[in-house]
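The values are calculated or read from the model by the stated rules, or taken from the named source; none is laboratory data. All figures in this text were calculated on a predicted structure; none of them were measured in a lab. Heads up, the Cβs are rebuilt from the backbone with ideal geometry, glycines too, and the neighbour counts pull from every protein chain shown.
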Amino acid sequence: MEKQQYVFKLNVQPHILKKYSEQTLFKEFIPNKIFNTFNNLHTRVDIGNKTLNFQIQRDYNDILESEEYKSLISKTDKFANEYKQITFNYQNKGNISYSKEFLEEHEKLMELRKELIAQFSVLTYAGKQYKSSETNQSIEEEYQFQIESKVGIGLDHIKRVQKIKMYAKHLAMLDNEDIIIDYDYETELLKIPDVNQVSAVDFAKDIERKINKQKDEVSDITINPVYENLVLDTTERTKSLEIIVVYPNGTDEELDILLKAASMTGSREARSEFLAPNDESNNKFLENTQKLAEPPGGKGYLRDVKNQGKSIINIEQTTIKTITSTSVTTILGDK
């Protein structure tokens, strides 16, 4: 049976690359690290001479149980009750007053929300799942007040978090699904079959977290998508871009201008920030800067692209490389 697989690149830090031979590192240490990680989690792992595959379970309860989710929900609950009092004040007295503390907390909470979505990319779909009327009703029932659109600051955040809360709870009720991940020793490519690439990205992040929890000689690996088409969320007001690449694990022929910086310095990551010229239009700047990010992105070395510290890779519209292969359901010992 054929299946579509999203392709991700596993990379190790430069000091590890220099310490071990290619044979030892890529055909022994890394496969053994993956095997031990998931074997310790009582997960099926089939290991062969050239490839291995392992089973990972899609369990959306991980979102509800994460510290990031709990923190956002707890702090937003408190914030929503403060917003409720401001609304009551407007409805009773006709004036709107936001305290300095309220405004500062609003900024912090927006950042927490973005950080949660960055960790669990599937939550990007939350905003599209519910009509405005459904969200408003849910908020009014939970917090026991009537929404007043004229009390504007904070309302959008509360609505967005309410959708995240509703969607996360919906996901957690779905049946767990087992996914078989393939890893190729020579190419260092992970192949993740899934219904959509946003979920595949979440799987890659989860695999990376689980592997890095196993503290041994091969520590702090990264797993990055192999991009075919990179889409960035930029506007005419985007005046700076930060491109982050990891140390290249391939040959010198793979290096481009950004990867050379990481290679020459032995850095585990290289961050290059580009500032737009003082021009009326930034279109050319954005176009040319994105072109710099595309070569490492196509090789699995692009860690992120940021604007003012925030990731701007549009994971829904971006295209991650896929391959079609035959499902692996048997022991891989003969491979």
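Look at residue 26 and say whether it is assigned to a strand (DSSP E or B) and either of a type outside the set (A, V, I, L, M, F, W, C) or surrounded by 20 or more Cβ atoms within 10 Å (Cβ to Cβ) (or both). Give the steps one after another, and end with the answer.
Values: assigned to a strand (DSSP E or B): no; either of a type outside the set (A, V, I, L, M, F, W, C) or surrounded by 20 or more Cβ atoms within 10 Å (Cβ to Cβ) (or both): yes.
No, not satisfied.
If you scan segment 308-317, which residues turn out to be polar (S, T, N, Q) and surrounded by fewer than 18 Cβ atoms within 10 Å (Cβ to Cβ)? The answer is 308, 314, 317. Residue 90 falls short on exactly one of the conditions (1) surrounded by 18 or more Cβ atoms within 10 Å (Cβ to Cβ); (2) out of contact with any helix residue (DSSP H, G or I) (no Cβ under 8 Å at 6 or more places or on another chain); (3) not polar (S, T, N, Q), and that condition is (1).
Among the residues of segment 30-70, those identified as in contact with a Phe, Trp or Tyr (Cβ under 9 Å, 6 or more places away or on another chain) and without any contact (Cβ under 8 Å) to a residue 24 or more places away in the chain are 35, 39, 43, 44, 45. Of these, 164, 158, which one is closer than 25 Å to residue 112 by Cα, assigned to a helix (DSSP H, G or I) and either in the same structural domain as residue 296 (by TED's automatic domain parsing) or in contact with a Leu (Cβ under 6 Å, 6 or more places away or on another chain) (or both)? Being closer than 25 Å to residue 112 by Cα, assigned to a helix (DSSP H, G or I) and either in the same structural domain as residue 296 (by TED's automatic domain parsing) or in contact with a Leu (Cβ under 6 Å, 6 or more places away or on another chain) (or both) holds for just one of 164, 158, which is 164. In segment 30-135, counting only helices (runs of 4 or more DSSP H) that sit wholly within it, the ones holding 3 or more residues that are farther than 21 Å from residue 210 by Cβ and at pLDDT 90 or above span 67-93, 100-119.
The set of residues from segment 145-168 being loosely packed, with under 13 Cβ neighbours inside 10 Å and either in contact (Cβ under 8 Å) with a residue 40 or more places away in the chain or among the small types (Gly, Ala, Ser) (or both) comprises 146, 149, 150, 152.
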